[in-house]
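Notes for the one structure printed next.
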Amino acid sequence: MSPQPVSSFPVGEPANAKRRYEVTEADLPLACPLPEMTLWNSHPRIYLPIVDDGGTTVCPYCGAEYVLKHAET
């Protein structure tokens, strides 16, 4: 069994608590709200094309901005 990807977000973070999120390749495919966020008071999950959008994208439901942070080599 392969290990689960490590997320850069704390488990149980409220959905849409911030307006800007940095994500990594481990968070792809990108969905808003993120899987670690609590969903009871949020909008439906939507997948966002952050790679196709040049590394930044905005959720059309909540306005949260996501920025793809590339791994440092």
At most 12 other Cβ within 10 Å, DSSP loop - chymotrypsin sites (Phe, Trp or Tyr not before Pro), the stretch 33-73: W40
Tell me which residues come under 5 Å, amide H to amide H, from I46 once H is placed; ignore anything under 5 positions away on its chain. C32
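Every number here is computed from the coordinates shown, using simple stated rules; none is lab data. Model, not experiment: these values are computed from the prediction. FYI the Cβ positions are ideal-geometry reconstructions off the backbone, even for glycines, and counts take in every protein chain you see.
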